[in-house]
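Novice: Structure incoming, see below.
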Amino acid sequence: MGRTIRILALALLAGLVAVLMLTSIGCSAGKEDAAPPVETPAPSEEPGSGDSGDNAAGEDAVAGACTGCHDMTRIYLQPEMTDWYGIIIQMEDAHGAELTDQEKADIEAFLASRQPTVAEQLIRGKCTTCHDTDGIYDQGDDVDWDAVLQEMVETHGAVLTPQEQADIAAYLKRL
Ligand code: HEC
Ligand code: HEC
């Protein structure tokens, strides 16, 4: 008699385990079903055209389509949170830049993900305490950057280490 009860109890236990397993599978299956809708909206949070741009193509497009009217410093010295899509539309609407949709998407992708160089960070951080960067863009190609930087330090009191001065001069001369 005691043996039958034990067998019955075991059978009950096994049944209970089976039910528990089924419910937990049911639960995790339910979770998997619910997960995708939460993740899907993320890509559309990207501002802009919605087209996915290609970074490498964007770099080429910037060199080809963005430097006809002003040089790279106008672009690369912009603050980090710049609305690049807005800037690109502004170049088209206000200034007459001609860009295909693909170029716009590529340029936006490239500029949004580009990390500023050390010299660009220095200029953004150290040259804008007294004036904005317009004076830098307004200089002609033949400007003597060593002399300009020396003047900033000696006459105006800009605080730069010799290394920082050299890095900034090298960067500005290259552009
Ligand atoms: C047809 C001429 C032209 C082309 C091409 C052009 N720009 Fe401009 N851009 C201008 C003018 C004009 C200004 C305003 C004057 C200035 O600040 O030098 C300007 C200003 C800017 C500024 C500063 C905006 C601000 O609000 O301070 C940025 C950034 C910029 N351009 C980026 C770009 C990028 C990126 C491209 C390529 C997609 C581009 N430009 C192509 C003419 C052009
Ligand atoms: C301590 C203040 C100060 C700092 C920092 C400073 N400048 Fe200047 N800068 C001036 C003054 C003052 C002028 C002359 C008046 C003006 O044009 O606003 C000037 C003018 C300029 C000009 C116009 C050309 C000229 O020779 O007058 C350029 C270009 C320039 N600065 C670049 C820079 C760069 C690049 C940096 C960063 C390395 C820098 N400045 C940092 C104060 C400063």
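Novice: Residue-wise, which Karplus ³J(HN,Hα) couplings in Hz belong to the range 141-147, taking 6.51 cos²θ - 1.76 cosθ + 1.60, θ = phi - 60°, and x for glycine or proline?
Specialist: 5, 8, 5, 8, 5, 4, 5
Novice: Sticking with this one: Indicate the gyration tensor shape class of the range 118-174 (rounded, prolate or oblate), computed on the Cα atoms with a ≥ b ≥ c the square roots of the eigenvalues: a/c under 1.5 is rounded; otherwise a/b larger than b/c is prolate and the rest oblate.
Specialist: Because its axes are fairly even, with a/c under 1.5, the range 118-174 counts as rounded.
Novice: Assign unit charges at the C-beta atoms only (+1 for Lys and Arg, -1 for Asp and Glu), then state the dipole size of the range 118-174 relative to its Cα centre in Debye, rounded to the nearest 20.
Specialist: For this selection, approximately 260 debye.
Novice: Also, I was wondering about something else. Please give the FRET efficiency for residue 156 paired with residue 90, using the beta carbon to beta carbon distance and R0 = 25 Å, rounded to the nearest 0.05.
Specialist: Computed FRET efficiency for residue 156 and residue 90: 0.20.
Any read-out appearing in this document is the output of simple, stated calculations on the displayed coordinates, not a laboratory observation. Keep in mind it's a predicted model, so treat the numbers as computed, not measured. When we count neighbours, we look across all protein chains shown, and the Cβ atoms used for this are built from the backbone with ideal geometry, even at glycine.
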